[in-house]
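Below is one structure; the comments refer to it alone.
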Amino acid sequence: MPDLQKLYDAVLSGDRNTAVAVTQEAIATGGDPLELISKYMVPAMDEVGRLFECEEYFVPELLLSARAMKGSLELLRPLLAARGAQPVGRVVIGTVKGDLHDIGKNLVASLLEGGGFEVIDFGADVAPEKFIAAVQEKGANIVALSALLTVTMPAMRTTIDALKQAGVRERIKVMVGGAPVTEQFAAEIGADGYSDNASAAVTLARRLTATAVRP
Amino acid sequence: MSALDKWLAQSPLITDGAWGTQLQALGLEPGTIPDTWNLSHPDRVESVARAYVEAGSQVILTNTFRANAVTLGEAGLGDQLDAINRAGVEISKRAAVGRALVFASIGPTGKMLMTGEVTPEAALEAFGAQAASLAAAGADALLVETMSDIEEGKLALQAARTTGLPVIVSFAFDSGKNKDRTMMGATPEMVAREMEAAGADAVGANCGAGIECFVNVCKRLRATCPLPVWIKANAGLPEIKAGAITYSTSAEFFASHFPALAEAGASFVGGCCGTTPEFIRALVRTRSGACA
């Protein structure tokens with residue numbers, strides 16, 4: 001069994017090659033996938049999130065750590081699936097209709113994947129119907145909406161209303177974010193949660209899935 | 001004496017305010033790339049440019065912020081790149097009628113280099129095509145603005161410099177406790193050093209935060225490199241009041257920071273998102289008051 005502290009360090013420093021190599025070695029020597037994730041990788045990502053909150057880490061560091069985490073998870077996921085383990089949650093994410101910006105949304109998607117979520121990314125300018133279909137057909141249990149423009153923020157409300165109309169709102173949790181979005185706005189439009197940065201979005205998604213219906 | 005030095009003899013120059021929020025007020029729909037209005041609604045775009053010239057802007061920009069090959073290509077408008085950029089410069093020049101300089105706007109690709117969403121080669125090519133069209137249409141200078149990634153800023157600068165026009169590179173400092181980092185973590189010192197080394201004619205800060213955060217950033221850019229500094233601040237952050245979107249800063253509050261920015265060494269002062277011709281008039285009033 002390799003020194004698993006190296007796995008923690010590799011995720012923390014965003015060193016994908018080392019994360020993958022240590023994971024391979026651990027699997028070959030009979031390491032427990034769940035233990036690798038819960039004892040080393042998730043704590044490392046938590047520390048990354050803390051450093052980001054303290055402004056010692058910025059977006060590039062977040063992305064590198066998420067990439068290292070994802071590289072390792074790609075090796076572990078088939079083993080978990082073979083045991084019948086489910087992903088932490090299934091998130092459908094997109095920038096709302098009328099808004100073409102996707103940098104922030106992409107960042108959240110990367111970090112959610114790094115956090116062990118299965119992510120269905122619809123890109124930008126996404127119509128409410130597509131979110132509804134993802135819930136109905138793909139069993140997403142979290143809908144994550146992004147908007148960069150003040151003028152497209154109302155489309156978040158429209159999307160949530162459409163989810164209600166379609167009768168799927170109770171089955172899912174809705175989280176919202178983007179530069180002009182605020183906690184108050186999120187509450188006003190009936191979202192379940194808001195976060196003001198990509199790292200906090202993962203914490204929020206974890207909190208929401210704890211109370212959501214499993215995919 | 002270079003063209004830029006000549007203009008800066010009367011520095012600080014007052015530039016213009018926001019275009020996007022002004023075009024929205026004229027009916028631009030969410031989801032429409034504002035730059036396409038250069039071809040479909042040139043009269044409305046020109047009315048925005050003219051309002052700034054009449055308010056006293058000595059430099060106005062062009063409605064070409066998103067007219068790079070990556071953004072237009074993704075929207076299926078790649079074949080209109082040259083027409084959109086040329087029209088953007090022509091509209092601003094018509095409105096300026098020799099009373100204001102026209103600096104052509106080049107915004108980011110909206111894609112991240114470090115995740116491989118766009119390659120450096122593709123970004124360089126995208127900026128190169130845009131810069132060539134803007135220069136051919138007669139822009140006085142090129143403004144690379146709202147950058148957050150030093151690498152992308154360098155690529156845009158490299159492409160813009162091939163035109164031989166003066167090039168200003170401006171970053172959005174919207175992160176960190178003191179709003180003195182870009183989203184990618186770059187500090188004013190890193191920006192000033194890297195852009196000077198890469199051959200920028202001026203460096204700057206735009207968008208991101210309210211004007212009160214810009215004095216510190218301006219000082220730090222100025223302390224790190226000898227280049228002129230370009231400043232364009234937002235009208236604070238957008239707020240939602242009774243369903244309507246408003247910006248928190250008044251024109252008077254905004255303009256009250258002009259003396260501090262001039263003192264900090266800003267050579268160009270104007271407004272970004274949420275600012276209007278009223279903000280420019282207030283800047284002009286403050287400057288004449290300060291000089292009297």
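FYI, it's all coordinate maths here, none of it is from the lab. If you're wondering where the values come from, they're calculated on a predicted model, not measured in any experiment. When we count neighbours, we look across all protein chains shown, and the Cβ atoms used for this are built from the backbone with ideal geometry, even at glycine.
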Discussion item. At a threshold of 8 angstrom on Cα-Cα distance, excluding pairs fewer than six apart, so keeping six or more, what relative contact order does chain A reach in percent?
Written reply: 18 percent
Worksheet item: Shape of segment A:90-211 from its Cα gyration tensor (a ≥ b ≥ c, root eigenvalues): rounded if a/c is under 1.5, otherwise prolate when a/b > b/c, or oblate?
Response: rounded
Response to the item:
Row for chain A, column shape: gyration tensor on C-alpha, a ≥ b ≥ c, rounded if a/c < 1.5 i.e. under 1.5, prolate if a/b over b/c, else oblate; value prolate
Item to complete: Based on the mean of other Cβ atoms within 10 Å per residue, sort peptides A:130-139, A:148-157 so the most packed one is first.
Response: A:148-157, A:130-139
Worksheet item: So which lysines can A:K138 reach, going by Cα to Cα under 19 Å and dropping same-chain residues fewer than 8 places off?
Response: A:K130, A:K164, A:K173
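Mean Kyte-Doolittle of at least 0.5 plus a Cα span of 27 Å or more along the axis: flag which DSSP H helices in chain A meet both, please.
Membrane-span-like by this criterion, though nothing is claimed about a membrane: A:59-82.
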Fill in: Top of B:L157, B:L39, B:L134 by mean-square fluctuation, Gaussian network on chain B, Cα under 10 Å
B:L39
Fill in: Selected from A:L100, A:L111, A:L163 as most flexible by GNM, with chain A as the system and alpha-carbon contacts under 10 Å
A:L100
Worksheet item: What is the Cα centroid distance between segment B:141-172 and segment B:6-27, reported in whole angstrom?
Response: 18 Å
Worksheet item: How far is the Cα center of segment A:144-215 from the Cα center of segment B:74-112, in Å?
Response: 35 Å
Worksheet item: Going by average Cβ neighbours within 10 Å, how do the peptides A:82-88, B:48-54, A:25-31 rank, with the highest at the top?
Response: B:48-54, A:25-31, A:82-88
Item to complete: Show which lysines lie in cross-link reach of B:K93 when reach means a straight Cα distance below 28 angstrom and same-chain residues fewer than eight apart are skipped.
Response: B:K6, B:K154, B:K232
Worksheet item: Between segment A:35-67 and segment B:29-52, what's the alpha-carbon centroid distance in Å?
Response: 43 Å
Worksheet item: Is the shape of segment A:14-109 rounded, prolate or oblate, going by the alpha carbon gyration tensor and its root eigenvalues a ≥ b ≥ c, with a/c under 1.5 for rounded and a/b larger than b/c for prolate?
Response: oblate
